Structures are given as structure tokens and as C-alpha cells.
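Undergrad: If you scroll down you'll find the structure; I have some questions about it.
The values are calculated or read from the model by the stated rules, or taken from the named source; none is laboratory data. These numbers come from a predicted model, not from an experiment. Don't worry about glycine lacking a Cβ; one is built from the backbone with ideal geometry, like all the others, and counts go over all protein chains shown.
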Amino acid sequence: MEAKPVKIKITPYKDKELTSQDKSVDPYLVPVNPEQYVQNYKIKYDVKPAAGSHGVQERFLASAPEELKLDWIIDGTNTIYGYKFSTDSAKSVIDQIEHLKSVVYDMSGEIHQPRFLKIMGLGIHQRGNGDVTFDAILTDLQITYTLFNPNGEPLRAKISATFLDYRENKRRVLEEAKESPDLTHIRQVTDGEKLPLIVYEAYKDPTYHMEVAKVNNLTNFRHLSVGKELVLPPIEKSVQ
């Protein structure tokens, strides 16, 4: 018996935390796995001319969200190996493309934007994420029709899709585990902790606790709930 290949699966969600799957559309299975996929990492710098020289001074701003680029084939000829295992294999090329667009591109009436996506398969993963997934939103979709029947109906198309790493902000900060006081990070309150001590550990100065309380909308910072997540902003944003 021919072994059923593992395929990339794109599942749509209707919330930023990716906890509520959008059941109004079926997940999309990439019918033929790509020979390769590309993950793109970028770093943003603020580059300014150096005073008194021809050089430049660069200041780190942020690591840009990762990009994932996938290229695959949509076929209507039934001649590609493994394609028969695709859930869309009996559909025309146009219908297969419509299914893909309904998952990754079309507007969701509930959230008034394209859906949030979880991409699984082929070892795709994100830094700090133990699961073999890539949480994303679509940023670019290119469809190139390459084969037609005598009536002009497309029989094959090449899909090129680019997805941007999308993780809810608090989750992203926790996963990246940023410790620098010059970067926003999030701290969970443990039993018995007081705000001045938490602030001192983050900034080596307890006097910023009023600013941290203001950022977190704390009305009584002397009594913190265990497990509460505190946003600790950069020092330069804390000082008036």
C-alpha cells in the first residue's frame, strides 16, 4: 500500500491568541509538499551619520518578525505523485485556489480582516515555540497559471505565499525572554512579591514603581495577585 505523505496543514483561527479555530472554512492541506521552504530573519537598525566622520552610527531597534515563504503546485491533471491524497484532488484548479484563498486571504466577517493562521508540518517552527508550528498571517499571495486545457481552463498553477510570524504580543515577549531594562518585557507575580522589589530586579532602581503601576493600571500596587502579568516598559519610557 502506498504510504500517505505528511502534508503542510494551514488552519484558520479567529482570535489573536489562536485558541478559537474558525470552523466556517475547512483547514487547507498543501497538496504537494514543497522541496524547500524559506524562513527570513531581519534586524532593524536606526542608522545615522557619525559626527565628525564618514562612518555611520547604528542603534539596534528591534528584530523584525520572521517570514516564511512557501512555493507549491496546484494541479488538475492527476499526474503528480502523491496528489491523490490531497483533500482537494477531485476539485478543479480554480476551486482548489478558492479554498486556499478562503483560508488565508479572504476577509472574515467576524473579525473584519483575514484570518490568523497556524501552519503545521515539515518541521516548521518558531524560536521559543516548542510545538512544530508557525503562527502567522498572510502578507503576500502570488498565483501563476502554467498549464491550460484547449478551452482555456487552468490545469496547473504555481502558488507562492509569504507568511509573517504572528504571535500575540504578551506571548511573544514571554517566549523571547528579554531581560534588558531597555526593552519591554513581562513578569509574572509570584507569591509574596511586592512591586518595588520586582521593579528593582528589572531596573536596579525601585523608584520606577509608580510608573510601572501606571502602565499596568494598578490601583493598589501593595497587594499584587499571584500570577498577574506585569508589563515592564523601557526605562527611557518610564522617566518623565
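Undergrad: Filter the stretch 194-212 down to the residues that are under 13 Å from L232 (Cβ atoms), charged (D, E, K, R) and over 32 Å from the mean Cα position of the chain (by Cα) and list them by number.
TA: K204, D205
Undergrad: Among the numbered conditions (1) out of contact with any Gly (no Cβ under 7 Å at 6 or more places or on another chain); (2) of a type in the set (A, V, I, L, M); (3) modelled with pLDDT of 95 or more, tell me where V93 comes up short.
TA: That leaves (1) as the condition not met.
Undergrad: Among what's in the stretch 75-123 and is among the hydroxyl-bearing types (S, T, Y) and assigned to a helix (DSSP H, G or I), pick the residue that is farthest from Y37 (Cα to Cα).
TA: The selected residue is S102.
Undergrad: May I pose another question? Listed residues G152, G128; which is out of contact with any His (no Cβ under 9 Å at 6 or more places or on another chain), modelled with pLDDT under 85 and not in a helix (DSSP H, G or I)?
TA: Selected residue: G128, the only one of G152, G128 that is out of contact with any His (no Cβ under 9 Å at 6 or more places or on another chain), modelled with pLDDT under 85 and not in a helix (DSSP H, G or I).
Undergrad: Please specify each residue of the stretch 15-31 satisfying the condition of being crowded, with 20+ Cβ neighbours inside 10 Å and β-branched (V, I, T).
TA: V30
Undergrad: Restricting to the stretch 180-220, and then to whatever is out of contact with any Pro (no Cβ under 9 Å at 6 or more places or on another chain) and basic (K, R), can you tell me which residue is modelled with the lowest pLDDT?
TA: R187
Undergrad: Can you tell me which residue within the stretch 81-97, out of those that are surrounded by 15 or more Cβ atoms within 10 Å (Cβ to Cβ) and of a type in the set (D, E, K, R), is nearest to Y28 (Cα to Cα)?
TA: D88
Undergrad: Here's another thing I want to ask about it. Does T11 meet the test of being out of contact with any helix residue (DSSP H, G or I) (no Cβ under 7 Å at 6 or more places or on another chain), at pLDDT 95 or above and surrounded by 11 or more Cβ atoms within 10 Å (Cβ to Cβ)?
TA: So T11 fits the description; yes.
Undergrad: Can you say whether S63 is surrounded by fewer than 18 Cβ atoms within 10 Å (Cβ to Cβ), of a type in the set (G, A, S), in the same structural domain as Y37 (by TED's automatic domain parsing) and touching a Pro at 6+ places or on another chain (Cβ under 9 Å), as far as the supplied structure shows? Don't jump to the end; show me each part of the working.
TA: On the way: surrounded by fewer than 18 Cβ atoms within 10 Å (Cβ to Cβ): yes; of a type in the set (G, A, S): yes; in the same structural domain as Y37 (by TED's automatic domain parsing): yes; touching a Pro at 6+ places or on another chain (Cβ under 9 Å): no.
In short, no.
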